[in-house]
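Trainee: Take a look at the following structure, please.
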Amino acid sequence: MSDLTRMTATEIAGLVAGGETSAVEVTRAHLDRIAAVDDRVHAFLHVDSEGALAAAREVDDRRAAGEELGPLAGVPVAVKDVLTTKGVPTTVGSRILEGWRPPYDSTIVQRLRAAGTVMLGKTNMDEFAMGSSTEYSAYGPSHNPWDLARIPGGSGGGSAAALAAYEAPLAIGSDTGGSIRQPGAVTGTVGAKPTYGGTSRYGLVAFSSSLDTPGPCARTVLDAALLHQVIGGHDPRDSTSIPQPVPDVVAAARLGATGDLTGVRLGIVSELVGEGAEPGVMAAFRESVDALAKLGAEIVEVSCPNFRYALPAYYLIAPSECSSNLARFDGVRFGLRVGDDGNRSLEEVMSLTREAGFGPEVKRRIMLGTYALSSGYYEAYYGQAQKVRTLITRDFTAAFDRVDALISPTTPFVAFPIGSRTSDPYQMYLADLYTIPTNLYGGPGISVPCGLSEGLPVGLQIMAPTMADDRMYRVAAALESAVGTFTPPAL
Amino acid sequence: MAAISREEVAHLARLSRLAVTEEELDTFAGQLDVILQAVAQVGEVAAADIPPTSHSVPLTNVLREDVVVPGLTPQEALSGAPDVAEQRFRVPRILDEDVAS
């Protein structure tokens, strides 16, 4: 048997279903790989070997009993530590939840289990998903398998690094401003942000509730689509869940893989090309646009004038929602409590607990949000940002009257060296310059590897209308068929 | 001119229930000033007549069917609490000594 860790999820599922390997064998291979490389990559915060092997044995037993298995049965998956897992530590990359074992599974994790996938463990992330590099994790950064001295993106850098290091064939991320797509871009992997409301937020530790969207990460577009199909769809336990079936993203990925984009109109967003992007990123993007044109796509340029205000609007809306959501970390119901000496008041203990439990970026955003929501500033900041959000949504809907999907580079720059942007928080925010508009609008977006710049991966972003997730998968799979996949140097 | 003063940041920290140190206040004041100057760009947009968007999904009053479904047991709900007494979350005192007496 050739190396199971190098295979796609589709290939692994086929071998398990055909009895050519077992889920236990596949799981052992990945646990061995984690043991061999994760001290250097640090993709995982917690590896659940016992739970993974038990889940794998169950899949093998079901197969032996003649049960029909789902399309991803027996395939290992790494889950970002933002999703609750019953009995398995869930920290959100924060000291404030260190050691917490949730009493329930998030909907995404329930669906992963029901599909027979095998959860390997929980992946590293920027604390509370606030960051673009995993450097804001309270447990130390993850490292990019392409160059261990560089960041793997963030906040879901652990999930992306696990894929690129062949520690897992599938992973789950969450995308509030680009936290699935930007790590995908800088690690040469595929990351998809579904339509907001297309995947359940039940059990996703909240950062910015009107933006948070869990989604699939993989090494190929088809694998991402298969995972999307498994985790997506209406959930009555999430009041913002869209009561419609998941668009047929798997069929769309298979159609795209035929390499024919005849009749598809793609719009390059003028505001998301050029300014601020590295020349190597733009060169790879332009070459990919030529490749898409050769596949039959019609390429036009589209202006979305309000996109230039997306980053400022986002850094008012997201911190505002965060300051409200993170009020639940009060040292009473779960996690850390500091300074309870029997004399101090609840408020003093709360302030000491939050001071000790939150890292600097989380504190900055809580204070920024508190400022934007305070009386006297509310209208000028939060209120105005919500109006800008309306204008950005109008830019999207006007653009989708003219084209089927929009394209841009995923992020302005390739993976940067660890430590190079942490002293200036605003420089870090720029990593999400091109991904944020989609979050404010609520539509789907995907990053697909499109080339290399100085030996480091570059991603191309495809954005589609709300609940037209299938469209972006078609274009992504077509591009993948033209440019291929990218393999990092051996670790 | 600075968008935010060190005193204002100290006030925000109190509102946010963060017992920040003097050293942190120095750092945060400078950083929040840079961030606020950048996000203030939203003010350039003429949007007086534009309705705000709080949410991209136009759903209102989503209620589930009124049927009994299993929930967490008290033991499960209390399992992550830092301090528990008599099947309840135990909290530090919530009133000042003189007020309580």
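Trainee: Among the residues of region A:230-251, which ones are surrounded by fewer than 23 Cβ atoms within 10 Å (Cβ to Cβ), more than 14 Å from chain B (Cβ to nearest Cβ) and either of a type outside the set (Gly, Ala, Ser) or part of a helix (DSSP H, G or I) (or both)?
Mentor: Residues satisfying the conditions are A:Pro245, A:Val246, A:Asp248, A:Val250, A:Ala251.
Trainee: Kindly evaluate A:Gly335 against the criterion of being in contact (Cβ under 8 Å) with a residue 60 or more places away in the chain, of a type in the set (Gly, Ala, Ser) and facing chain B (nearest Cβ under 8 Å). Steps first, answer last, please.
Mentor: Values: in contact (Cβ under 8 Å) with a residue 60 or more places away in the chain: yes; of a type in the set (Gly, Ala, Ser): yes; facing chain B (nearest Cβ under 8 Å): yes.
Against the criterion (in contact (Cβ under 8 Å) with a residue 60 or more places away in the chain, of a type in the set (Gly, Ala, Ser) and facing chain B (nearest Cβ under 8 Å)), A:Gly335 qualifies.
Trainee: Take A:Phe307 and tell me if it is under 24 Å from the mean Cα position of the chain (by Cα) and more than 13 Å from chain B (Cβ to nearest Cβ). Reasoning before the result, please.
Mentor: Details: under 24 Å from the mean Cα position of the chain (by Cα): yes; more than 13 Å from chain B (Cβ to nearest Cβ): no.
So A:Phe307 does not fit the description; no.
Trainee: Could you check A:Asp432 against (1) out of contact with any Phe, Trp or Tyr (no Cβ under 9 Å at 6 or more places or on another chain); (2) within 30 Å of A:Ser453 (Cβ to Cβ); (3) among the acidic types (Asp, Glu) and say which number it fails?
Mentor: (1)
Trainee: Quick one: in region B:66-80, of everything that is facing another protein chain (nearest Cβ under 8 Å) and in a loop (DSSP other than H, G, I, E, B), which residue is surrounded by the fewest Cβ atoms within 10 Å (Cβ to Cβ)? Can you show your working first?
Mentor: The initial filter retains those residues of region B:66-80 that are facing another protein chain (nearest Cβ under 8 Å), namely B:72, B:76-77, B:79-80.
So of that shortlist, the ones also in a loop (DSSP other than H, G, I, E, B) come out as B:72, B:79-80.
Details: B:Leu72: 11, B:Ser79: 16, B:Gly80: 17.
Among them, the one singled out is B:Leu72.
Trainee: Which pairs do you get when a residue that is at positive phi, found in region B:82-95, comes within reach of a residue that is assigned to a loop (DSSP other than H, G, I, E, B) and not hydroxyl-bearing (Ser, Thr, Tyr), reach meaning Cβ atoms under 8 angstrom, with the pair 6+ apart or on two chains?
Mentor: Here the result reads B:Gln87/B:Leu78, each pair linking region B:82-95 to a residue that is assigned to a loop (DSSP other than H, G, I, E, B) and not hydroxyl-bearing (Ser, Thr, Tyr).
Trainee: Check A:Asp330, A:Asp340 and return the single one that is free of Cβ contacts under 8 Å to residues at least 12 places away in the same chain and touching a helix residue (DSSP H, G or I) at 6+ places or on another chain (Cβ under 8 Å).
Mentor: Working: A:Asp330 fails: free of Cβ contacts under 8 Å to residues at least 12 places away in the same chain.
Just one listed residue meets the conditions, A:Asp340.
Trainee: Is it the case that some residue within region A:190-201 is crowded, with 24+ Cβ neighbours inside 10 Å, in contact with a Leu (Cβ under 6 Å, 6 or more places away or on another chain), polar (S, T, N, Q) and at pLDDT 95 or above?
Mentor: Within region A:190-201 (the criterion being crowded, with 24+ Cβ neighbours inside 10 Å, in contact with a Leu (Cβ under 6 Å, 6 or more places away or on another chain), polar (S, T, N, Q) and at pLDDT 95 or above), the answer is no, since none of the residues qualifies.
Trainee: So, one more: Of all residues in region A:67-83, which are out of contact with any strand residue (DSSP E or B) (no Cβ under 8 Å at 6 or more places or on another chain) and either at pLDDT below 95 or within 29 Å of A:Asp126 (Cα to Cα) (or both)? Quick ask: steps written out before the conclusion?
Mentor: From region A:67-83, those out of contact with any strand residue (DSSP E or B) (no Cβ under 8 Å at 6 or more places or on another chain) are A:67-71, A:73; that's our starting set.
Correct list: A:Glu67, A:Glu68, A:Leu69, A:Gly70.
Trainee: Could you check region A:117-229 for strands (runs of 3 or more DSSP E) lying wholly inside it with 3 or more residues that are touching a strand residue (DSSP E or B) at 6+ places or on another chain (Cβ under 8 Å) and farther than 17 Å from A:Val448 by Cα?
Mentor: Details: elements: A:118-123, A:170-175, A:190-193, A:213-218.
Output list reads A:118-123.
Trainee: Residues of region B:1-59 being without any contact (Cβ under 8 Å) to a residue 24 or more places away in the chain, among the small types (Gly, Ala, Ser) and either facing chain A (nearest Cβ under 7 Å) or in a loop (DSSP other than H, G, I, E, B) (or both), which ones?
Mentor: B:Ala13, B:Ser16, B:Ala19, B:Ala38, B:Gly43, B:Ala46, B:Ala47, B:Ala48, B:Ser54, B:Ser56
Trainee: Kindly state which helices (runs of 4 or more DSSP H) lie completely within region A:380-449 and contain at least 2 residues that are in contact with a helix residue (DSSP H, G or I) (Cβ under 8 Å, 6 or more places away or on another chain) and among the hydrophobic types (A, V, I, L, M, F, W, C).
Mentor: A:384-402, A:436-441
Trainee: While we're looking at this one, here's another question. Which one of the conditions (1) among the small types (Gly, Ala, Ser); (2) over 24 Å from A:Val362 (Cα atoms); (3) more than 20 Å from the chain's Cα centre (by Cα) does A:Ser408 fail to meet, given that it meets all the rest?
Mentor: (3)
Trainee: Scan (1) in contact with a Leu (Cβ under 6 Å, 6 or more places away or on another chain); (2) in contact (Cβ under 8 Å) with a residue 24 or more places away in the chain for the single condition A:Tyr371 breaks and write down its number.
Mentor: (2)
Trainee: Keeping to region A:348-399, report how many residues are more than 7 Å from every other protein chain (Cβ to nearest Cβ) and among the charged types (D, E, K, R).
Mentor: Counting residues in region A:348-399 that are more than 7 Å from every other protein chain (Cβ to nearest Cβ) and among the charged types (D, E, K, R) gives 6.
The values are calculated or read from the model by the stated rules, or taken from the named source; none is laboratory data. Since we're looking at a predicted model, the values are computed, not measured. Neighbour counts run over all protein chains shown; Cβ positions are idealised from the backbone, glycine included.
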